[in-house]
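Right, I'll just put the structure down here and ask away after.
The values are calculated or read from the model by the stated rules, or taken from the named source; none is laboratory data. Every value quoted in this text rests on a predicted model; they were computed, and no experiment measured them. As a convention, Cβ positions derive from the backbone with ideal geometry for all residues, glycine included, and neighbour counts pool all protein chains shown. Quick note on the areas: whole protein, heavy atoms, side chains included, nothing else; ligands and nucleic acids left out. Shrake-Rupley method; radii C 1.70, N 1.55, O 1.52, S 1.80 Å.
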Amino acid sequence: MNNLRMIEHEDENDEGAEVTWEDQQRINKFSRLNARVRILEGKLEELKQEKEALDDLATELELADESEPILYKIGETFVHMPISRAQTRLEKDQQDVESRLSSIVEAVEDCETQMKQLKVLLYGKFGKAINLDE
């Protein structure tokens, strides 16, 4: 649902700040960064769920019978393997997820830092005439 509202007359920017090409580029960059953050947050949530599933699997493997092979999912396929090999594979998968998680968190923080800098510049020039909040 769109929340459109009229700006109060006293809130209008009477200075008539002109939007320059550089300003438009900053606004566009902010928009791209904002979209990227939303995408990265979705990926972050997926990875957190994957990490939780791998942690649950680690717990299950500790309780499993050593003599029986287990089914381990690799991609879209389940493969029979001994528990010791599955545990080694699981540790590798957990490290991979942790690495991907940290790189995505770093990318989100970088985007948010750039967005804060752009907000300072744009709000400084346009005041209430621009809305960069969600």
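Each label point is 7 Å from the Cα along the Cα-to-Cβ direction; what then is the distance between the points at Val19 and Ala58, in nm?
Label at Val19, label at Ala58, 5.0 nm between them.
If the chain between Arg85 and Lys51 were fully stretched, how many nm would it gain, using 0.36 nm times the residue separation less the Cα-Cα distance?
Working: separation 34, 0.36 × 34 = 12.24 nm, distance 1.91 nm.
Stretched out fully, the Arg85 to Lys51 stretch lengthens by 10.3 nm.
How large are Rg and Dmax for the chain when only the alpha carbon atoms are used, in Å?
Cα-based Rg and Dmax for the chain come out at 24.4, 79 Å.
With a 1.4 Å probe and all protein chains left in place, how much of the accessible area of the chain comes from carbon and sulfur atoms, in whole percent?
Percent of accessible area from carbon and sulfur atoms in the chain: 49.
Taking a probe of 1.4 Å, how large is the accessible area per residue of the chain, in Å²?
Computed with neighbouring chains in place, this is 77 Å² per residue.
So if R0 is 22 Å, what FRET efficiency would Arg36 and Gln94 give, r being the distance between their Cβ atoms, rounded to the nearest 0.05?
So, using R0 = 22 Å, E works out to roughly 0.25.
Turning to a different aspect of this structure: Quick one: Debye curve from the alpha-carbon atoms of the stretch 22-90 only, equal weights, vacuum; give me log10 I(q)/I(0) at q = 0.24 Å⁻¹ to two decimals.
Cα-only, vacuum Debye calculation for the stretch 22-90: -1.03.
Also: Please work out the FRET efficiency for the pair Lys128 and Ala107, using the Cβ-Cβ distance as r and a Förster radius of 41 Å; give the result to the nearest 0.05.
0.85
Also, I was wondering about something else. Using θ = phi - 60° and the Karplus form 6.51 cos²θ - 1.76 cosθ + 1.60, what ³J(HN,Hα) does each residue of the stretch 60-67 get, whole Hz, x for Gly and Pro?
5, 5, 5, 8, 6, 6, 4, 7
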